[in-house]
Amino acid sequence: MRQSRLFLRNSSFLVMVLWVLSGCSEPAAEAAAPMVPEVGVYQIQASTVVYNSELPGRTTDFRQAEIRPQVSGILQKRLFTEGQQVQAGEVLYQIDPATYEAVLATAEANLNRAQVTLTNAKLRLSRLQGLLNTQVVSQQDVDDANVTVLQADADVKAALAQRQTAQINLNYTKIKAPIAGQIGRSMVTEGALLTANQSEVLATIRQLDPIYVDLTQSSNELLQLRRQFPDAQHQPVAVSLQLEDGSVYAAQGQLQFSEASVDPSTGMITLRAVFPNPQGELLPGMFVRATLAQAEQANALLIPQAAVMRTPKGGANVLVVKADGKVESRPVALGRSHQQFWVAESGISEGEQVIVAGIQKVQPGLQVKAVPVQE
């Protein structure tokens, strides 16, 4: 009887253990089922890429004129306000004209005398020519009279040139602005003795609207751009400007030209842009940074930089999610960078999906769930 009770007790315990094991087997089986990992993918699309270059530069005058006297004399007046705008042809200084007025008067008197002499010589020649057939005068007399007329005519022309020179020198006593712009400080005052074509500058006029910005770029970088995009250099290029304080200049400029030579000491090429400057915000000598579009590529395939893995040999691979949901490792050839992307030259096609998130938890051949992400 005791053995029967023991047998029943053990049987009951065994049944209970089997029941517990059977109850836990289903969740364990479910836990052992493989999970499909979820990854973020970016779909490759063709787009137009504009390559911008950010270059350092400095502002410089659009025009600059250094004012110097062209005749000598005592400065009588300064006729402008320093720092103000002046117009082309505006009188800036007045040199004492008395000496030059006297020279002009003398030249005019000499011209009048030469003209009278010429008139008299012509009349004498006319009379002698009328008497030539009467044998009152000889042919030699007529020839001499004709030479006298020619000499008198030459004297008149010389007197005219002298008068013109005297008039020019008198006009030069009024020193005028050759260009319109902002004039700086005057380096001389009334009473100063000025000398024709002296080395000392009286004042400087700067035209600042528009204004030039001279930029520098590596010759190697420019050469690569021209080789890769040969048509880009024939297209107009807009330029935007960032000022010294970090602010962006409101108006856009236009690239005018690039220098035809390379600075041998720096390996840099100078590019010149022109900007409107109606408010005078840009001053000569300011350091700026310019952004300009130097090339454009149509139908470029962009791969997010986060999707690219580098090989030990320097190559580039991406993980592609194929149409059946499996991962494939794909070598790609990369070109230039553009923002947070690489431009693919080969190895990838439009519409394919590359993994950009969750790369560390997948491997080639694995089944994954692709979730689109926006770059």
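The values are calculated or read from the model by the stated rules, or taken from the named source; none is laboratory data. Bear in mind that the values here come from a model prediction, so they are computed numbers and not experimental data. Cβ sites come from the backbone with ideal geometry, for glycine too, and all protein chains shown count toward neighbours.
A few comments on the model shown:
- Of the residues making up the range 316-331, those that are more than 13 Å from I355 (Cβ to Cβ) and among the aliphatic types (A, V, I, L, M) are A316, A323.
- Elements of the type strands (runs of 3 or more DSSP E) sitting completely within the range 251-320 and holding at least 3 residues that are modelled with pLDDT of 90 or more: these cover 268-275, 287-304.
- Looking only at the range 158-214, residues that are over 30 Å from V239 (Cα atoms) and of a type in the set (V, I, T) come to 8 in all.
- For the range 52-103, the candidate set comprises residues that are in contact (Cβ under 8 Å) with a residue 12 or more places away in the chain and of a type in the set (G, A, S); within that set, the residue that is farthest from R163 (Cα to Cα) is S53.
- The single condition from (1) touching a residue at least 60 places away in the same chain (Cβ under 8 Å); (2) under 30 Å from V327 (Cβ atoms); (3) exposed (fewer than 15 other Cβ atoms within 10 Å of the Cβ) that I44 fails is (3).
- All positions within the range 65-85 that are within 36 Å of the chain's Cα centre (by Cα), assigned to a strand (DSSP E or B) and either small (G, A, S) or at pLDDT 95 or above (or both): A65, E66, I67
- When the residues of the range 304-348 are filtered to those that are of a type in the set (A, V, I, L, M, F, W, C) and without any contact (Cβ under 8 Å) to a residue 24 or more places away in the chain, the one that is nearest to A370 (Cα to Cα) is A323.
- Taking the range 211-227 as the range and being surrounded by fewer than 18 Cβ atoms within 10 Å (Cβ to Cβ) and under 22 Å from G181 (Cα atoms) as the test, only D214 passes.
- Residue-level check: of (1) under 30 Å from A102 (Cβ atoms); (2) out of contact with any Lys or Arg (no Cβ under 7 Å at 6 or more places or on another chain); (3) surrounded by 12 or more Cβ atoms within 10 Å (Cβ to Cβ), T204 misses just (1).
- Per the listing L292, L366, the residue uniquely of a type outside the set (V, I, T) and more than 24 Å from L223 (Cβ to Cβ) is L366.
- Every residue from the range 93-102 that is part of a helix (DSSP H, G or I) and surrounded by 18 or more Cβ atoms within 10 Å (Cβ to Cβ): Y100
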